[in-house]
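All remarks here apply to the structure that follows.
The values are calculated or read from the model by the stated rules, or taken from the named source; none is laboratory data. Nothing here was measured: the structure is a model prediction, and the numbers come from that model. All Cβ positions, glycine included, derive from the backbone under ideal geometry; neighbour counts span all protein chains shown.
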Amino acid sequence: MSVQIATPSPSAAAQALARSRDFLFGIQHADGWWKAELETNVTMEAEDLLLRHFLGIQKHDVLQATARWIRSKQGADGTWNIFHGGPSDLSATIEAYVALRLAGDPGDAPHMRAAAEFVRKAGGIEESRVFTRIWLAMVGQWSWDDLPALPPEVILLPSWFPLNIYDFASWPLPFDLAELKTGRVEKGVPGWRDWAGRFHALDRALHFYEKHPIGPLREQARALCAEWIVRRQEADGCWGGIQPPWVYSILALHLMGYSLDHPLLAKAIDALDTYAVVDGDVRRFEACQSPVWDTALAMVGLRDAGVASDHPVMRRGAAWLVGQEVRVRGDWAVRRPNLEPSGWAFEFENDNYPDIDDTAEVVMALRASEGAVEPSIRRAIDWVFGMQCKDGGFAAFDVDNTRALCGELPFCDFGEVIDPPSADVTGHVIEMLAEEGLADDPRTRAACEWLLRQQEPDGSWFGRWGANYVYGTGAAVPGLVRAGIAPTHPAIQRAVRWLETRQNEDGGWGEDLRSYEEAAWRGRGTSTASQTAWALLALLEADPRSKAVARGVAWLVKTQNEDGSWDEPEFTGTGFPGDFYLRYHLYRQTFPTMALGRYVRSSG
């Protein structure tokens, strides 16, 4: 029996929109930006504690506050997952277990025994991800000989050579981890018939070379690696504005002789605290921060809510965004050496890696304000066009970075290591270009053709950076329709039918992150505010007066809190599909604001 959802009155939707608008007004920073927490999983906190242990800078209060957070995320079965409501994850459970042992939790405590039992049943440390075993090797709990080798001489490969560096976008513990090991022997050696087997053979050869390196070549490679790392440190001390390259850069430089009080490392270590979130007596760690992305989405949402371009909120946001334009060459220039620098990054500081998705949204945000600076917008559009891949699509950070061979390397078991074009980024770019009056530009048409070719047989689009097919479809359809693809086009109609069949009985939409690996979860999951909004953004372009739209809007109106916000414990953002997911705390606000704004406008 289906649940009956009343069609919302225009006034009810408008009131919900006003509340959401006012909520966004209230959380803008005085400098003009918006930023909410970017939540991940407990491996961030565990690795932060392991790093501090390895460097000898562990502080008791930091250790205990972080341990309290890790304990709070442990499931009833003693395990940890990598997203809200997800299945138990072996590597996350191992890292959380080690962190709690560091904090003094005894191995025979009930919650620790339960975790260790799961680890053994799941295959033990032997079956964990490579990077989990790297952390354990750093603290004497795994052999370096049993890890894939990646010699520093890779830095010497030219940029045109396969597997060059531009193709990839110990202190012992005071306890043993024998209870997390199974004693499993290595599986049989794969043959030479596929790349996995060939790379296995190469890895064995590299291990031999690691023990017998060519001295001068090794020293030259190490020096170049250190120089490469140092040149890419950002102004605030981080690397790339995200945890993995940041902590590994600290470790690499320290192991190459940089002391902890060296200005470069001291700045990097101090900056780690700026990513810590202290909430009462618990401490957690953000893997990344998203002020540019959050600000652009907030301004587009407010534009859709009818906020005037000369409103002080919009002026402040635009002024801050203009000051964040990247005007230096990053690693993207390896493939586009003659392209004038522009674009926006995701974070406060990340001049080396501006991204195309942020840039597209920033252009739309700047157009929504009288504070827009035309030269910045023109440079950004030229830069985006210059970053178009040869097949017509757009990736996040690079251009034509599609060498799938990288994924076969033995240490690449944690997710995507290349940057191919994606439907969500391409959809956002097309939407921006259409708003700029460039729908008929041959480059825009090529992007539309690419996007149409990427549609799944069921009518959806894959979402690389958001969960998942609902996100991809919510980005693709608005882009295509605004670029002139008729709502009656077969591709748009297939997308509409898919979304309508995935609408939950309560009127909302949701998609579990397991959809990246299990087809049964595609477009299926608990209704969330952000995912409901994504579906509505697509449907509003195709048929704004449909029953599915009315039911989706009714769900947003019904589930809104009195202060204008929505609750959303689910993770709906994606880092590495299948391995690393994100909970953007502002997604549940910005996207519903867009959807409600467009609905109210379409209702007259």
- Starting from the stretch 276-298, take each residue that is over 22 Å from ALA30 (Cα atoms) and list its partners that are among the polar types (S, T, N, Q) and assigned to a helix (DSSP H, G or I), counting only C-beta distances under 7 angstrom and pairs at least six apart or across chains. VAL282/SER72; ARG283/THR66; ALA287/GLN243
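For the stretch 28-41, state whether one or more residues are hydroxyl-bearing (Ser, Thr, Tyr) and in contact with a helix residue (DSSP H, G or I) (Cβ under 7 Å, 6 or more places away or on another chain).
Residues of the stretch 28-41 hydroxyl-bearing (Ser, Thr, Tyr): 40.
Filter once more, so that each one left must be in contact with a helix residue (DSSP H, G or I) (Cβ under 7 Å, 6 or more places away or on another chain): none.
Taking every residue of the stretch 28-41 in turn, none turns out to be hydroxyl-bearing (Ser, Thr, Tyr) and in contact with a helix residue (DSSP H, G or I) (Cβ under 7 Å, 6 or more places away or on another chain).
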- Can you find even one residue in the stretch 240-248 that is surrounded by fewer than 20 Cβ atoms within 10 Å (Cβ to Cβ), at pLDDT 90 or above and touching a helix residue (DSSP H, G or I) at 6+ places or on another chain (Cβ under 6 Å)? no
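Does SER515 fit the bill of being over 28 Å from GLU436 (Cβ atoms), of a type in the set (Ser, Thr, Tyr) and in a helix (DSSP H, G or I)? Don't jump to the end; show me each part of the working.
Details: over 28 Å from GLU436 (Cβ atoms): yes; of a type in the set (Ser, Thr, Tyr): yes; in a helix (DSSP H, G or I): yes.
It is true that SER515 is over 28 Å from GLU436 (Cβ atoms), of a type in the set (Ser, Thr, Tyr) and in a helix (DSSP H, G or I).
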- Note on the structure: Within the stretch 574-604, of all residues that are out of contact with any Gly (no Cβ under 6 Å at 6 or more places or on another chain) and closer than 14 Å to GLU37 by Cα, the one surrounded by the most Cβ atoms within 10 Å (Cβ to Cβ) is TYR587
- Query: What are the residue pairs meeting all of these: first residue in the stretch 453-466, first residue assigned to a loop (DSSP other than H, G, I, E, B), second residue surrounded by fewer than 21 Cβ atoms within 10 Å (Cβ to Cβ), Cβ atoms under 6 Å, and 6 or more apart or on different chains?
  - Reply: GLN455/ALA491; GLY459/ARG494; GLY459/ARG497
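Only one of LEU272, LEU297 is outside the structural domain of TRP34 (by TED's automatic domain parsing) and either closer than 26 Å to PRO375 by Cβ or crowded, with 17+ Cβ neighbours inside 10 Å (or both). Can you tell me which? Give the steps one after another, and end with the answer.
Working: LEU297 fails: outside the structural domain of TRP34 (by TED's automatic domain parsing).
Matching residue, one of LEU272, LEU297: LEU272.
Does SER143 satisfy being surrounded by fewer than 20 Cβ atoms within 10 Å (Cβ to Cβ), assigned by TED's automatic domain parsing to the domain that holds LEU173 and of a type in the set (Ser, Thr, Tyr)?
Numbers: surrounded by fewer than 20 Cβ atoms within 10 Å (Cβ to Cβ): yes; assigned by TED's automatic domain parsing to the domain that holds LEU173: yes; of a type in the set (Ser, Thr, Tyr): yes.
In short, yes.
Got at least one residue in the stretch 517-535 being under 12 Å from PRO478 (Cα atoms) and at pLDDT 95 or above? Outline the logic, then answer.
Filtering the stretch 517-535 down to residues under 12 Å from PRO478 (Cα atoms) leaves 534-535.
Pick out the ones that are also at pLDDT 95 or above and you get 534-535.
Yes, some residue in the stretch 517-535 is under 12 Å from PRO478 (Cα atoms) and at pLDDT 95 or above.
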- Can you tell me which of ALA372, ALA396 is touching a strand residue (DSSP E or B) at 6+ places or on another chain (Cβ under 8 Å), modelled with pLDDT under 95, surrounded by fewer than 23 Cβ atoms within 10 Å (Cβ to Cβ) and outside the structural domain of GLY240 (by TED's automatic domain parsing)? ALA396
- Task: Determine if the stretch 318-325 includes at least one residue that is under 19 Å from GLY386 (Cβ atoms) and assigned by TED's automatic domain parsing to the domain that holds VAL399.
- Result: yes
- Test result for PHE576, at pLDDT below 95 and touching an Asp or Glu at 6+ places or on another chain (Cβ under 6 Å): yes
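Is it true that ARG101 is in contact with a strand residue (DSSP E or B) (Cβ under 6 Å, 6 or more places away or on another chain), closer than 30 Å to ALA266 by Cβ and either modelled with pLDDT of 95 or more or in a loop (DSSP other than H, G, I, E, B) (or both)? Reasoning before the result, please.
Details: in contact with a strand residue (DSSP E or B) (Cβ under 6 Å, 6 or more places away or on another chain): no; closer than 30 Å to ALA266 by Cβ: yes; either modelled with pLDDT of 95 or more or in a loop (DSSP other than H, G, I, E, B) (or both): yes.
No, not satisfied.
State yes or no: is GLY508 at pLDDT 95 or above, under 21 Å from the mean Cα position of the chain (by Cα) and buried (at least 21 other Cβ atoms within 10 Å of the Cβ)?
Numbers: at pLDDT 95 or above: yes; under 21 Å from the mean Cα position of the chain (by Cα): no; buried (at least 21 other Cβ atoms within 10 Å of the Cβ): yes.
Criteria not met by GLY508.
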- Message: Can you find a residue that is out of contact with any His (no Cβ under 7 Å at 6 or more places or on another chain), crowded, with 20+ Cβ neighbours inside 10 Å and not in a helix (DSSP H, G or I) anywhere in the stretch 471-481?
- Response: no
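If I filter the stretch 346-360 for residues that are of a type in the set (Asp, Glu) and touching a strand residue (DSSP E or B) at 6+ places or on another chain (Cβ under 6 Å), do I get at least one hit? Before the answer, list the steps.
Step one: of the stretch 346-360, the residues of a type in the set (Asp, Glu) are 347, 349, 351, 355, 357-358.
Filter once more, keeping what is touching a strand residue (DSSP E or B) at 6+ places or on another chain (Cβ under 6 Å): 358.
Checking the stretch 346-360: at least one residue is of a type in the set (Asp, Glu) and touching a strand residue (DSSP E or B) at 6+ places or on another chain (Cβ under 6 Å).
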- Condition test on VAL130, is it at pLDDT below 95 and either within 22 Å of MET44 (Cβ to Cβ) or surrounded by fewer than 19 Cβ atoms within 10 Å (Cβ to Cβ) (or both)? yes
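Does ASP77 satisfy the criteria of being assigned to a loop (DSSP other than H, G, I, E, B) and over 27 Å from the mean Cα position of the chain (by Cα)? I'd like the intermediate steps shown before the answer.
Working: assigned to a loop (DSSP other than H, G, I, E, B): yes; over 27 Å from the mean Cα position of the chain (by Cα): yes.
When the stated conditions are applied, ASP77 passes them.
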- Looking at ILE82, ILE70, which one is crowded, with 21+ Cβ neighbours inside 10 Å, over 30 Å from ALA266 (Cβ atoms) and either at pLDDT 95 or above or not assigned by TED's automatic domain parsing to the domain that holds ARG545 (or both)? ILE82
- Residue count, the stretch 530-560 (criterion: part of a helix (DSSP H, G or I) and either under 14 Å from ARG502 (Cα atoms) or acidic (Asp, Glu) (or both)): 14
- Item | Long-range neighbours under 6 Å by Cβ, at least six apart or interchain, first residue over 18 Å from ALA252 (Cα atoms) within the stretch 211-240, second assigned to a helix (DSSP H, G or I) | ASP236/ALA271
